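These notes are about the structure you will find just below.
The values are calculated or read from the model by the stated rules, or taken from the named source; none is laboratory data. Please read all numbers here as calculations on a predicted model, not as lab measurements. Reconstructed Cβ throughout: ideal geometry from the backbone, glycine too, with neighbour counts over all protein chains shown. Areas reflect the complete protein model, heavy atoms only, side chains present, ligands, DNA and RNA absent. Shrake-Rupley method; radii C 1.70, N 1.55, O 1.52, S 1.80 Å.
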Amino acid sequence: MTITRFVLNEQSKYPESLGDFSILLNHIVLGCKFVCSAVTKGEEQKKLDVLSNEVFIKALVSSGRTCILVSEEDDEATFVEPSGRGRYCVVFDPLDGSSNIDCGVSIGTIFGIYMVKDGHEPTLNDVLQPGKNMLAAGYCMYGSSCMLVLSTGSGVNGFSLDPSLGEFILTHPEIKIPKKGKIYSVNEGNAINWDGPTAKYVEKCKFPEDGSSAKSLRYVGSMVADVHRTLLYGGIFLYPADKKSPNGKLRVLYEVFPMSFLMEQAGGQAFTGKQRALDLVPRKIHERSPIFLGSYDDVEEIKALYNAEEKKE
Ligand code: AHM
Ligand code: MG
């Protein structure tokens, strides 16, 4: 099953749909193939960031199905010319984890899709929407193989690029995250600046008080790779707030939301330290938020610690 056929099948469930969504997705897939090929050839770091952004902007605009594009690489949103506009807004990080490029560690593209519903003149408010309003989200990981993980709102599916065919093939149907995991993933070098609940949680991962085994630590420092492992093996990924970065590091629209969407669709959870991540309403396109996401039970534990802290205050 190729990704093209998969998306067409999904779309045929909605006879009223005009085929626009599959056309848009085909253009995203094309962008991923292009970036995969550039990454494999080992272009320079600076150039790859810029190149990937150009590739995605061009692919999305030429789909004729988009109206607003928000990229991590661009300060301002791109508004597509009225003559080439469609109904979709795409938020994306064209090449996340770029500090890892030069040592060949996995990097990736992250994206989320919203729709402008009633044909009005698109404004930034069409993308400053809570993550739960996304129609679809996904990432493509450029690593030992190239893998695209996608949710259109009814589960999560993984596709691997077959280089000889040049096609993404469904290799990981209906991905479900284990209910509880044995791995935690966080940049512990920031521990000196953590708040109480995060510090307590990580301490519990290492010195469990309930007789369970200590968790293993795995941290690539590339969100796509860390989230991909979390999705397949279970566990928790944390990028908390700290004294230096009170809103954490990761960006709401094109990092936190798509990954939270995938986690929920796979049966896990995503929490900001205050609320369900997908309920957050961003006020700025490059806004950041702390994020804790992964296996249902693991996220439940950190939620309990933050809720207890809030009661104390
Ligand atoms: P980037 O968008 O500048 O590449 O930064 C995002 C990356 C994520 O991929 C990763 O989860 C995080 O930064 C790692 O940050 P740190 O190096 O602070 O642990
Ligand atoms: Mg990024």
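When F56 is tested against the conditions (1) open to solvent by 20 Å² or more (accessible area, probe 1.4 Å); (2) in a helix (DSSP H, G or I), the lone failure is (1). Within the stretch 165-185, being open to solvent by 40 Å² or more (accessible area, probe 1.4 Å), more than 23 Å from G234 (Cβ to Cβ) and either among the small types (G, A, S) or outside any loop (DSSP other than H, G, I, E, B) (or both) holds for E167, I169. The stretch 82-150 holds strands (runs of 3 or more DSSP E) entirely within its bounds, and those carrying 1 or more residues that are among the aliphatic types (A, V, I, L, M) and away from ligand 2 (no atom under 16 Å from the Cβ) map to 107-115, 136-142.
Pairs are defined by a Cβ separation below 6 Å, a sequence spacing of at least 6 or placement on different chains, a first member in the stretch 120-140 that is on the phi < 0 side of the Ramachandran plot, and a second member that is open to solvent by 30 Å² or more (accessible area, probe 1.4 Å) and among the polar types (S, T, N, Q); the pairs so defined are A136/T152. Within the stretch 186-211, restricting attention to residues that are in a loop (DSSP other than H, G, I, E, B) and either within 16 Å of ligand 1 (Cβ to nearest atom) or outside the structural domain of M223 (by TED's automatic domain parsing) (or both), the residue that is farthest from the chain's Cα centre (by Cα) is N187.
Restricting the first member to the stretch 103-117 and to residues that are under 18 Å from Y88 (Cα atoms) and more than 14 Å from ligand 1 (Cβ to nearest atom), and the second to residues that are part of a loop (DSSP other than H, G, I, E, B) and charged (D, E, K, R), the beta-carbon pairs closer than 7 Å and six or more apart or on different chains are M115/R87; V116/R87.
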